[in-house]
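Visitor: Would you mind keeping the following structure in view while I ask a few things?
Readers should treat all values here as calculations from the given coordinates under stated rules, not as data from a laboratory. Not measured: the values here are computed from a predicted model. For neighbour counting, all protein chains shown are included, and Cβ atoms are generated from backbone atoms with ideal geometry for every residue, glycine included.
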Amino acid sequence: MNLYQTQHQFYCGVDLHANKMYACVVDREGKKRLHQNFHTRDTDTFLKKLGPFRENLVVGCESTFNWYWLCDLCESKRIPFILGHALYLKAIHGGKVKNDKLDSEKLAYLLRGGNFAVAYAYPAAWRSTRDLLRRRTHFVRRRGQTLTHISNTHHQYNLPPTKKLQYAGNRAGVAESFTDPAVRFSIETDIRMLGHYDDVIRDLERNLEQSAKIHDPNNFFRLQTIPGVGRIIAMTMLYEIHNIRRFRAVGDFLSYSRLVKGEHTSNGKSYGSPGRKIGNPYLKWAFSEAVPLLKRQSPVARAYCKRIENKHGRARANTLLAVKLGRAVYFMLRRGDVFDIKRMIR
C-alpha cells in the first residue's frame, strides 16, 4: 500500500458521484477553508471556488467509476491529482454517521495526514485503448455464453454433440436438429448472434493491435517472445501494466498481478490471506492463460513443472511457474530484454 505523503499548503478531498461532488478544502493547519456541494457539469464554479487555493493545492478522490474526467480536468489546470484506492480507504466507511459531506472531509484530512492510500491514475493517452481491450473481454465472454447455451440445449433434448461451433463453417444446419419451432428459433438466434460477435471481436482486435504497434511496439513484440504468448495476452499485459517503473520492486508487481497472497498476523498468530480482490484481475487472467501455453511450447518449462508437480501437485506447480513468469515479465520490461527460459527457472 502506497501512501501520499507530499506536503502542500491546501488539501482538497472530493466525494465524487455521477451528478454531484462534495468538495472539502483544508489548509496545512487543519482548518476547513471550503466545504461545498457541486454539480459535476458545473466545472467552472468548482474551479472558481478552488481559485484562492490553487497555488499549492492537491486534489484527491476515491477511485469511483467516473474519476476520469476529474483527473483530466485537474491535469489540464496543472493541479496535482491523487486517486485513492477504494479497498484501502476504509477510514471513510467506518463510523456511526456517513454521508457525502463527511466523506469529503475525511478524504481531505487523510491527504493532509499522509494516510491517503494511492491508486494508479492511468494516463489518458492509453486509457481509452485499455478500456477497449477490456470491452473485448466482455464480448468474448458473451460469445462463450452463447456457445454454452447451444451446447446445453443439445443436452436437454439428448441430441448428439455438434462440431466445434466457434468455427463459423460448422454452424450450418445446427438449428434444424430440433423439431420444436420455439427451440429451433432460439438456436437460430444464437447462431446469428455468434456471427455478430465474430465480426465485432475481429474488428476490435484489429483496432487494438494497430494501437499497440503505435503506443509501444517494442514491448508489444518483446512480450510475444514468451513461448505461447500471442497478441491478446501480450496486449493485455502491455496495457494493464502501462509503465513497469511504477512498481518499485518485483514483489509489488507480483502482488498487483494477484500472483502472491497477502497475510494478516497479530501476536504471532496468522489470520489467513484476505485481500484477494486487491490487484488487477486482467493481469491475473493473462498470467493464468500464459502458464499452460508456456508449458505446451517450452520443454524446459514443462520439465520444471513436472519436478514441482511430483512433490507438491499440479496446482502448486502452476502457481510457482506463474510467479516465475511474473518475475520474468517484470525484468524483461525493466531491462528491455527478450524472454529467456533458462534465466526464468534458475
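Visitor: Stretched out fully, how many nm does the piece from Val300 to Lys96 gain, at 0.36 nm a residue minus the Cα gap?
Guide: 67.7 nm
Visitor: To make sure I understand the rule: partners must be lysines, Cα under 29 Å from the Cα of Lys164, and not fewer than 8 residues away in the same chain. Which ones qualify?
Guide: Reachable lysines: Lys284, Lys295.
Visitor: Which aspartates and glutamates does Lys48 reach when only Cα atoms under 19 Å apart count, and residues fewer than 8 places away in its own chain are ignored?
Guide: Filter leaves Asp15, Asp27, Asp72, Glu75.
Visitor: Mind ranking 116-124, 232-240 by how tightly packed they are, going by the mean number of other C-beta atoms within 10 angstrom, highest first?
Guide: Per-residue mean Cβ counts within 10 Å order the peptides as 232-240, 116-124.
Visitor: Which lysines have a Cα lying under 29 Å from the Cα of Lys49, excluding residues fewer than 8 positions away in the same chain?
Guide: Within the straight-line cut-off, Lys49 pairs with Lys20, Lys31, Lys32, Lys77, Lys90, Lys98, Lys101, Lys106.
Visitor: Report the full-extension gain for the segment Tyr167 to Tyr120: residue separation times 0.36 nm, less the Cα-Cα distance, to one decimal in nm.
Guide: 13.0 nm is the gain from fully extending Tyr167 to Tyr120.
Visitor: When a/c is below 1.5 the answer is rounded, else prolate if a/b is larger than b/c, else oblate, so apply that to the range 74-134 with a ≥ b ≥ c taken from the square roots of the Cα gyration tensor eigenvalues.
Guide: prolate
Visitor: Let me ask something else about it. Assuming R0 = 25 Å, can you tell me the calculated FRET efficiency for the pair Asp252 and Arg307, based on Cβ-Cβ distance, to the nearest 0.05?
Guide: FRET efficiency, Asp252 to Arg307: 0.30.
Visitor: For the chain, what is the calculated [θ] at 222 nm in deg cm²/dmol (nearest 500), taking -39500 (n - 2.57) for each run of four or more DSSP H residues and dividing by its residue count?
Guide: For the chain, the value works out to -17500 deg cm²/dmol.
Visitor: Could you grab the relative contact order for the chain? Cα pairs under 8 Å, six or more apart, rounded to a whole percent.
Guide: Taking the mean separation of contacting Cα pairs over the length of the chain, I get 13 percent.
Visitor: Now a separate question. Would you please classify the overall shape of the range 249-321 from the alpha carbon gyration tensor, given that a ≥ b ≥ c denote the square roots of the eigenvalues, rounded means a/c under 1.5, and beyond that prolate means a/b larger than b/c while oblate covers the rest?
Guide: In terms of gyration-tensor shape, oblate.
Visitor: Follow-up. Of the listed peptides 31-37, 224-230, what is their order by residue-averaged count of other C-beta atoms within 10 Å, with the highest listed first?
Guide: 224-230, 31-37
Visitor: Something else now. Quick one: which residues, 5+ away or cross-chain, put their amide H under 5 Å from the amide H of Thr225? H built at 1.01 Å from N.
Guide: Correct list: Phe339.
Visitor: Using per-residue counts of other Cβ atoms within 10 Å, averaged over each peptide, order 177-184, 64-71 from highest down.
Guide: Going by the mean number of other Cβ atoms within 10 Å, highest first, we get 64-71, 177-184.
Visitor: Would you pull out the residues with amide H under 5 Å of Gly84's amide H, same chain only if 5 or more places away, H placed 1.01 Å from N?
Guide: Distant-sequence amide H within range of Gly84: Cys61, Glu62, Ser63, Ala119.
Visitor: In whole Å, what is the distance between the alpha-carbon centres of the range 286-346 and the range 1-23?
Guide: Spelled out, the Cα-based centre of one part sits 41 Å from the other.
Visitor: If R₀ is 41 angstrom, what is the calculated FRET efficiency for the pair Phe221 and Ser151, using the beta carbon separation as r and rounding to 0.05?
Guide: 0.65
Visitor: Right, another one. Given an 8 Å cut-off on Cα distances and at least 6 residues of separation, report the relative contact order of the range 208-330 as a percent.
Guide: 25
Visitor: Using the Cα gyration tensor of the range 125-215, with a ≥ b ≥ c the square roots of its eigenvalues, what is the shape: rounded (a/c below 1.5), prolate (a/b larger than b/c) or oblate (neither)?
Guide: Verdict is prolate for the range 125-215.
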